[in-house]
Amino acid sequence: MVGFENKAVLKLLLVYIFIQFSVTCGNFFPPFNVTYDHRALIIDGKRRMLISGGIHYPRATPQMWPDLIAKSKEGGADAIESYTFWNGHEPVKGQYNFEGRFDLVKFVKLVGDSGLYFLLRIGPYVCAEWNFGGFPVWLRDIPGIEFRTDNEPFKREMQRFVTKIVDLMREEKLFSWQGGPIILLQIENEYGNMEGSYGQKGKEYVKWAANMALGLGAGVPWVMCKQTDAPGDIIDTCNNYYCDGYKPNSPNKPTIWTEDWDGWYTTWGGRLPHRPVEDLAFAVARFFQRGGSLMNYYMYFGGTNFGRTSGGPFYITSYDYDAPIDEYGLRSEPKWGHLKDLHAAIKLCEPALVAADSPQYMKLGPNQEAHVYWENAQSTGLNSSLSESQSTCSAFLANIDEHNTATVTFRGKSYSLPPWSVSILPDCSNLAFNTAKVGAQTAMKVVEYASSPKISAPELVMTKSEASSITESWMSVKEPIGIWSENNFTVQGMLEHLKVTKDESDYLWHMTRIYVSDDDIAFWEENQVSPTLVIDSMRDVLRVFINGKLIGSITGHWVKVMQPIQFQQGYNDLILLSQTVGLQNYGAFLEKDGAGFRGQTKLTGFKNGDIDLSKASWIYQVGLKGEFQKIFTVEENEKAGWTELKLDSTPSTFTWYKAYFDSPDGSEPVALDLGSMGKGQAWVNGHHIGRYWNLTAPKDGCPNSCNYRGAYGSNKCMTNCGKPTQTWYHVPRSWLQESNNLLVIFEETGGDPFEISVKLRESRILCAQVSESHYPPLDQWLNPDVIDGKFSINDIKPQIRLQCEDGHIISSIEFASYGTPHGSCQNFSEGNCHSPNSLSVVSKACEGRNSCSVEVSNSGLGGDPCRGVLKTLAVEARCVSSSTIGVSQF
Ligand code: GAL
């Protein structure tokens, strides 16, 4: 017998041991090992089915991270995935940066704190629509370097960075065996797409990269994505819109989907991609149906390419990606909610999924099939299965017909399968979820004028409806055209753009002097021709100035330039401003890509023949004066010699603008509306919010309605045709102070700063539509009474669930009809059958609350409005910030 005192001492001792253990072994989990077999990752001795959400930490602020991670967890993620970003972590060779948005350790720790696992894709080439695919631009300058091939200088640098990251993670005790969240690592990225371009050396490089990674002793498995020849223990994984049926290169490796593309990125002047959630859910369900074990959404939250981090050619500042969490950190509905239901359904199947070594296949029709997972697959024949305990069996029924619903019989029961859908039956009998039946709410977002924090409630309503500009008080200063500092240099010939700028700026000025004789002028007049500037090839933007005047702008990705020029007699200053808009992030031989001009540059049409400017003497100047003087910072901005801008001043090119503004009230995410501007960059309190560019998407190419059925591609359900690709730019709340926020803008082409406004992004309207025959809420499967068999999941009625963003409540129910309502969100109307109680029941349950649920049944809605008819409840609700309500009550 242990006495009371002894027990207390024992307890203390245990607590002490636990604390010691936590300190030395990481604080997140008891240390655990990660291995794998052909079926799944094995975590602490158990196979797991895992859902992961991709979040690139520098595409958000550290202040946003906890909420993003929490929303991922709430949405059903088991893990968070991210690349590392070499050029962010080592901007100057040997000088590391793990601060702020690049605080990788903090990010991984936050993920661990929340109880989620972490998948770290080190690369260090990452693609990712990130500047130069993640490579630091200084890497190009290492003598003899060739990227991503069997090249000593490259391998040395790559190994140094990968080792640095692995060591850092180990020092911080972030690997699973140390009690940390990291369970998986990635080396390289989709090298399989490039390997052929590098011949034998490519093959050698793959082997080297694999051995190098394995040699670092990280103690968790490594993957290589899109790498069919991934050697030895390295798991080759799939990246695609669909990965069901993917087979790794060895029967001993599990099927892993590192990038489930749930949307896509876009370019300046491009349309916005949209992947419907019904198809995305179908792809995910098919993956787990057919033996997949780990799926990562690329992206679960896309975020923002702040500063000059976006890649190229021409990727926009927003990296929203149509992801389940939008650029601003708000849920994108119904994507987030429908996937949450899907994840819950998959989780319910996990015991059977991990127990079976492989599924049992049943053909149910020409385009219909079932995969059945048994906890004891060996001993269970399907014929005798009806007598088996149902808890040991989970099934996925797929209808891959794009057009027709199919009625199939499975284990003696009939199921109606909508086209292009998967039904999930966690107990092989009852429907938990169908990928095509969305019960989750839709949220309509608004980006509206922010109100000033100082005004009172009645005025607040007025200001919200007015087009309110950020301020009436702007200052401006002109950026000099051409050479602005002593720091210029003269060279005979054309230099490659990045060799000169080292990507410290988008801008590179080239200036030369052209002599034009009387004879030339006479020649042009006689022949009615004008001389032309011809450049064989150029990227991304070129602006041509003659004697200080902008005469032409060319935009393109390795395009030919033919710019007619009018010269004066005598000496003319020809200035070429070459600009990058995000460095190339994809392709072989990136180190040779460069930017600016390629081939020959000449002037044609002169009396004595062409002038070869490739051999002329050029003066070079990197960047803008304002940029290098840092006039966008709070500390330095006064240096610039600003003058007040008149309200009626005409738009001016190459101009800096500054203004001060107050932060809008509330907690909603903040956007700057730069729709009135042309092209440039913007800073708030010295933080670079990114490039902006007012280019409009083509008018055509967006379908009137998007049909989710059938294979998805990024061009399929485009939106935003005929509208500017991006007008709103995220300004993270943590970059703002209450008042006097400094906004500095560099404008290249001319815009109207007086029209710039600060807006708030909100989910204002929620809608949902659920029928009586919809499946029960997923969490009810875990209801103790259902588990104990007191009542069957079948007895549980479906529900409508509404949830405003945090800090918001449902202020009113704008529409509610239980019966046969018509239309869709913001367009609902009552049908022939309508329960008069609908509005009062829903209002009572929801108004004044952040979230609510209403049972969709006769009893839940106060009686049956029409017998024998299948009824639906359609609801439209309005969310308001709870603080607004607070204000208006006074
Ligand atoms: C993949 C690549 C990712 C990203 C994605 C497109 O091929 O691995 O890094 O670029 O394409 O968003």
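Figures for the structure shown
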| quantity | calculated |
| --- | --- |
| Filtered residue count, the stretch 193-252, keeping only those that are within 16 Å of the ligand (Cβ to nearest atom), of a type in the set (Ser, Thr, Tyr) and open to solvent by less than 10 Å² (accessible area, probe 1.4 Å) | 1 |
| Residue within the stretch 169-183 that is surrounded by fewer than 16 Cβ atoms within 10 Å (Cβ to Cβ) and in a helix (DSSP H, G or I) present | yes |
| Among residues of the stretch 691-727, those that are assigned to a loop (DSSP other than H, G, I, E, B) and farther than 24 Å from ASN367 by Cα, counted | 22 |
| Residue within the stretch 125-136 that is within 16 Å of the ligand (Cβ to nearest atom), in a strand (DSSP E or B), open to solvent by less than 20 Å² (accessible area, probe 1.4 Å) and not charged (D, E, K, R) present | yes |
| Some residue of the stretch 795-804 being open to solvent by 60 Å² or more (accessible area, probe 1.4 Å) and in a strand (DSSP E or B) | yes |
| Some residue of the stretch 154-173 being within 14 Å of the ligand (Cβ to nearest atom) and not acidic (Asp, Glu) | no |
| Residue under evaluation PHE287, criteria (1) open to solvent by less than 20 Å² (accessible area, probe 1.4 Å); (2) away from the ligand (no atom under 14 Å from the Cβ); (3) without any contact (Cβ under 8 Å) to a residue 24 or more places away in the chain; (4) not small (Gly, Ala, Ser), criterion not met | (3) |
| Test: TYR373 is under 19 Å from PHE288 (Cα atoms), in contact with a strand residue (DSSP E or B) (Cβ under 7 Å, 6 or more places away or on another chain), at pLDDT 95 or above and surrounded by fewer than 21 Cβ atoms within 10 Å (Cβ to Cβ) | no |
| Residues of the stretch 823-869 satisfying the condition of being under 34 Å from the mean Cα position of the chain (by Cα) and either open to solvent by less than 30 Å² (accessible area, probe 1.4 Å) or closer than 15 Å to GLN769 by Cα (or both) | GLY823, SER824, CYS825, GLN826, ASN827, PHE828, CYS846, CYS852, SER853, VAL854 |
| Some residue of the stretch 90-99 being open to solvent by less than 20 Å² (accessible area, probe 1.4 Å) and either in contact with a strand residue (DSSP E or B) (Cβ under 9 Å, 6 or more places away or on another chain) or within 16 Å of the ligand (Cβ to nearest atom) (or both) | no |
| Flag for THR61 being in contact (Cβ under 8 Å) with a residue 60 or more places away in the chain and within 16 Å of the ligand (Cβ to nearest atom) | no |
| Residue that is out of contact with any Cys (no Cβ under 6 Å at 6 or more places or on another chain), without any contact (Cβ under 8 Å) to a residue 40 or more places away in the chain and open to solvent by 30 Å² or more (accessible area, probe 1.4 Å), where the choices are ASN740, ASN783 | ASN783 |
| Filtered residue count, the stretch 19-59, keeping only those that are buried (at least 17 other Cβ atoms within 10 Å of the Cβ), of a type in the set (Val, Ile, Thr) and at pLDDT below 95 | 0 |
| Subset of the stretch 143-153 (residues that are out of contact with any Asp or Glu (no Cβ under 7 Å at 6 or more places or on another chain) and either free of Cβ contacts under 8 Å to residues at least 40 places away in the same chain or within 16 Å of the ligand (Cβ to nearest atom) (or both)) | PRO143, GLY144, ARG148, GLU152, PRO153 |
| Enumeration of residues in the stretch 755-775 that are under 20 Å from SER817 (Cα atoms), open to solvent by less than 20 Å² (accessible area, probe 1.4 Å) and not β-branched (Val, Ile, Thr) | LEU766, CYS767, ALA768, TYR775 |
| Residue count, the stretch 104-118 (criterion: open to solvent by 10 Å² or more (accessible area, probe 1.4 Å) and under 22 Å from GLY311 (Cβ atoms)) | 0 |
| Residue selected from the stretch 599-619 under the condition within 30 Å of GLY269 (Cα to Cα) and either surrounded by fewer than 18 Cβ atoms within 10 Å (Cβ to Cβ) or without any contact (Cβ under 8 Å) to a residue 12 or more places away in the chain (or both), by the criterion nearest to the ligand (Cβ to nearest atom) | GLY599 |
| Residue within the stretch 69-79 that is within 16 Å of the ligand (Cβ to nearest atom), open to solvent by less than 10 Å² (accessible area, probe 1.4 Å) and assigned to a strand (DSSP E or B) present | no |
| Where a residue in the stretch 188-208 is under 23 Å from THR163 (Cα atoms) and its partner, wherever it lies, is of a type in the set (Phe, Trp, Tyr) and away from the ligand (no atom under 16 Å from the Cβ), with Cβ under 7 Å and at least six apart | TYR205/TYR198 |
| Residue check for GLY582: within 16 Å of the ligand (Cβ to nearest atom), under 29 Å from the mean Cα position of the chain (by Cα) and either open to solvent by less than 10 Å² (accessible area, probe 1.4 Å) or among the aliphatic types (A, V, I, L, M) (or both) | yes |
| Matching residues in the stretch 304-330 - criterion: being more than 13 Å from the ligand (Cβ to nearest atom), open to solvent by less than 10 Å² (accessible area, probe 1.4 Å) and not in a loop (DSSP other than H, G, I, E, B) | THR304, ILE325 |
| In the stretch 532-548, the residues that are farther than 26 Å from ASP520 by Cα and of a type in the set (Val, Ile, Thr) | VAL541 |
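The values are calculated or read from the model by the stated rules, or taken from the named source; none is laboratory data. Everything numeric here is computed off the predicted structure, so don't read it as measured data. Positions of Cβ are generated from backbone atoms using ideal geometry, with glycine treated the same way; all protein chains shown enter the neighbour counts. These accessible areas exclude ligands, DNA and RNA; they are computed on the full protein's heavy atoms, side chains included. Shrake-Rupley method; radii C 1.70, N 1.55, O 1.52, S 1.80 Å.
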